[in-house]
Amino acid sequence: MDPDAVAKAFVDHYYSTFDANRAGLANLYQEGSMLTFEGQKIQGSQSIVAKLTSLPFQQCKHNITTVDCQPSGAGGVLVFVSGTLQLAGEQHALKFSQVALF
């Protein structure tokens with residue numbers, strides 16, 4: 001398993017799905033998954049997707065700047081992503097970062 005290839009495929013799929021259909025992210029989370037969003041801890045696939053679909057914007061476009069990854073000790077991959085988020089109708093993009101373990 002090439003961690004870089006796995007991370008790139010995951011990031012491409014995750015953010016293209018987020019931008020087009022956030023509800024479609026449900027199968028990428030499990031009941032033990034946790035999302036921390038602005039200090040709020042949200043656990044479980046349904047709760048995470050409910051949070052993501054309730055964000056106050058309908059259209060967005062992620063522009064990925066960095067994808068850094070390494071194998072985790074448990075046989076998975078730890079991925080750090082940073083970039084910008086362009087919201088429809090907004091002139092300036094927002095910066096974001098995300099860490100995922102899968």
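The values are calculated or read from the model by the stated rules, or taken from the named source; none is laboratory data. Since the model is a prediction, treat every value here as computed from it, not as a measurement. Positions of Cβ are generated from backbone atoms using ideal geometry, with glycine treated the same way; all protein chains shown enter the neighbour counts. When the accessible area is computed, the model is the full protein with side chains, heavy atoms only, and any ligands, DNA or RNA have been set aside. Shrake-Rupley method; radii C 1.70, N 1.55, O 1.52, S 1.80 Å.
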Any residue at all in the stretch 11-33 that is free of Cβ contacts under 8 Å to residues at least 40 places away in the same chain, part of a strand (DSSP E or B), among the hydrophobic types (A, V, I, L, M, F, W, C) and under 25 Å from LEU87 (Cβ atoms)?
no
I'd like the full set of residues that are hydroxyl-bearing (Ser, Thr, Tyr) and either buried (at least 16 other Cβ atoms within 10 Å of the Cβ) or assigned to a helix (DSSP H, G or I) (or both), limited to the stretch 34-45.
SER45
Subset of the stretch 69-102, residues touching a strand residue (DSSP E or B) at 6+ places or on another chain (Cβ under 7 Å), open to solvent by 90 Å² or more (accessible area, probe 1.4 Å) and either part of a loop (DSSP other than H, G, I, E, B) or not hydrophobic (A, V, I, L, M, F, W, C) (or both), comes to GLN70, LYS95
